[in-house]
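First the structure, in the form of structure tokens, and then the observations on it.
The values are calculated or read from the model by the stated rules, or taken from the named source; none is laboratory data. All of these numbers come straight from a predicted model, not from anything done at the bench. Ideal geometry is used to build each Cβ from the backbone, glycine not excepted, and the neighbour counts take in all protein chains shown.
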Amino acid sequence: MIPKHPVSTKALIEKDGKFLMIKTSRGGYMFPGGLVEEKESLENAVIREVKEETGLQIEVGTFFHANKFNHPKGGENVVLFFKCNIIGGEEKLGSEIDHEFLSLDWVSPSDMTDWQKAIILAKRP
């Protein structure tokens with residue numbers, strides 16, 4: 001069961017003006033990351049999720065932005081975005097239980113949705 005207000009962490013990984021994103025079967029792209037597990041720190045959650053989804057090891061940088069949205073499984077999801085840097089590993093597309101990952105791509109802001117552009121252009125709180 002998904003908690004009423006689950007917390008997710010997402011990684012903003014930038015290289016040459018593009019951001020690492022995962023194309024999904026739900027349509028469009030998402031930033032790598034996911035739900036924080038019980039007793040897991042926010043930083044460890046984003047490190048684990050990025051490794052599972054992309055094969056990359058990251059260093060978590062600064063907290064960048066917070067957002068909320070209606071989770072597809074119900075309830076509201078609080079999402080915390082962190083700027084991150086790649087420190088190892090090789091790009092390898094992972095998998096997800098409830099939807100399919102189609103590709104791992106470096107996406108230009110001009111190819112992002114308006115809400116994704118708003119995230120990367122947000123001013124830190």
Would you be able to say whether some residue in the stretch 5-22 is outside any strand (DSSP E or B), within 11 Å of the chain's Cα centre (by Cα) and among the hydrophobic types (A, V, I, L, M, F, W, C)? no
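Test Glu59 against the criterion of being in contact with a strand residue (DSSP E or B) (Cβ under 8 Å, 6 or more places away or on another chain), surrounded by 14 or more Cβ atoms within 10 Å (Cβ to Cβ) and either closer than 21 Å to Ile119 by Cβ or not hydrophobic (A, V, I, L, M, F, W, C) (or both), and give yes or no.
Spelling it out, it is not the case that Glu59 is in contact with a strand residue (DSSP E or B) (Cβ under 8 Å, 6 or more places away or on another chain), surrounded by 14 or more Cβ atoms within 10 Å (Cβ to Cβ) and either closer than 21 Å to Ile119 by Cβ or not hydrophobic (A, V, I, L, M, F, W, C) (or both).
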Subset of the stretch 36-56, residues surrounded by fewer than 17 Cβ atoms within 10 Å (Cβ to Cβ) and outside any helix (DSSP H, G or I), comes to Glu37, Glu38, Lys39, Glu40, Ser41, Gly55
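So which residues in the stretch 2-20 are in contact with a Gly (Cβ under 9 Å, 6 or more places away or on another chain) and either more than 20 Å from Leu80 (Cα to Cα) or modelled with pLDDT of 95 or more (or both), if there are any at all?
Selection gives Thr9, Lys10, Ala11, Leu12.
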Taking the options Phe69, Phe64, name whichever one is modelled with pLDDT under 90 and either part of a strand (DSSP E or B) or crowded, with 17+ Cβ neighbours inside 10 Å (or both). Phe69
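Among the residues of the stretch 106-125, write down those that are modelled with pLDDT of 80 or more, surrounded by 11 or more Cβ atoms within 10 Å (Cβ to Cβ) and of a type outside the set (Phe, Trp, Tyr). Spell out how you get there, then give the answer.
Step one: filter the stretch 106-125 for residues modelled with pLDDT of 80 or more, giving 106-121.
Okay, now just the ones that are also surrounded by 11 or more Cβ atoms within 10 Å (Cβ to Cβ), so 106-109, 111-112, 116-120.
Residues satisfying the conditions are Val107, Ser108, Pro109, Asp111, Met112, Gln116, Lys117, Ala118, Ile119, Ile120.
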Could you tell me whether the stretch 87-105 includes any residue that is small (Gly, Ala, Ser), surrounded by 14 or more Cβ atoms within 10 Å (Cβ to Cβ) and assigned to a strand (DSSP E or B)? no
